[in-house]
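Any read-out appearing in this document is the output of simple, stated calculations on the displayed coordinates, not a laboratory observation. All figures in this text were calculated on a predicted structure; none of them were measured in a lab. A quick note on method: Cβ atoms are made from the backbone with ideal geometry, for glycine too, and the neighbour counts reach across all protein chains shown.
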Amino acid sequence: MSGERPVGFALVRGLAGQTRVLNSFFVVRGARRTGIGLSAVQEVVAKYPGPWEVAFQDDNAAAVRFWRCLATEIAGEAWTEERRPVPGRPSLPPDVWTSFHVHVAARRPGG
């Protein structure tokens with residue numbers, strides 16, 4: 001949200017599983033490059049500490065920059081990337097899967 005207006009969404013799968021997957025993530029064009037996307041993902045993953053994965057395509061330069069920046073912001077240098085075939089779509093280039101771990105945030109005194 002930006003004020004009272006929705007500016008994007010995040011869909012997560014695997015909350016009850018061993019690894020959470022940020023399955024879909026979108027920010028409207030007018031709100032991009034403002035930091036709202038980074039803040040939104042940080043808020044989502046902080047609610048569910050543990051291992052996370054997100055997939056994107058190599059040919060989407062903005063996504064490559066965003067997800068690598070996000071992984072570094074959250075996990076420092078402790079994140080990985082691997083290419084995996086798209087299930088049932090052998091003609092497509094593989095997806096890039098970024099994996100990182102979200103640690104339990106320390107509670108602030110009085111917070």
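Structure data summary
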{"read-out": "Cβ-Cβ under 7 Å pairs, at least 6 apart or on other chains, segment 84-106 side surrounded by 10 or more Cβ atoms within 10 Å (Cβ to Cβ), far side of a type in the set (Val, Ile, Thr)", "value": "92/86; 94/86; 95/86; 98/54; 99/80; 100/74; 102/45; 102/74"}
{"read-out": "Any chance residue 72 is surrounded by 11 or more Cβ atoms within 10 Å (Cβ to Cβ), over 18 Å from residue 8 (Cα atoms), β-branched (Val, Ile, Thr) and out of contact with any strand residue (DSSP E or B) (no Cβ under 8 Å at 6 or more places or on another chain)", "value": "yes"}
{"read-out": "Segment 40-94, residues that are within 12 Å of the chain's Cα centre (by Cα) and part of a strand (DSSP E or B)", "value": "51, 52, 53, 54, 55, 56"}
{"read-out": "Residue list for segment 35-67, restricted to those being among the polar types (S, T, N, Q) and in contact (Cβ under 8 Å) with a residue 12 or more places away in the chain", "value": "42, 57"}
{"read-out": "Tally, over segment 48-68, of residues that are loosely packed, with under 12 Cβ neighbours inside 10 Å and not acidic (Asp, Glu)", "value": "3"}
{"read-out": "Looking only at segment 3-36, and only at residues there that are crowded, with 16+ Cβ neighbours inside 10 Å, under 18 Å from residue 99 (Cα atoms) and not basic (Lys, Arg), the one that is nearest to the chain's Cα centre (by Cα)", "value": "22"}
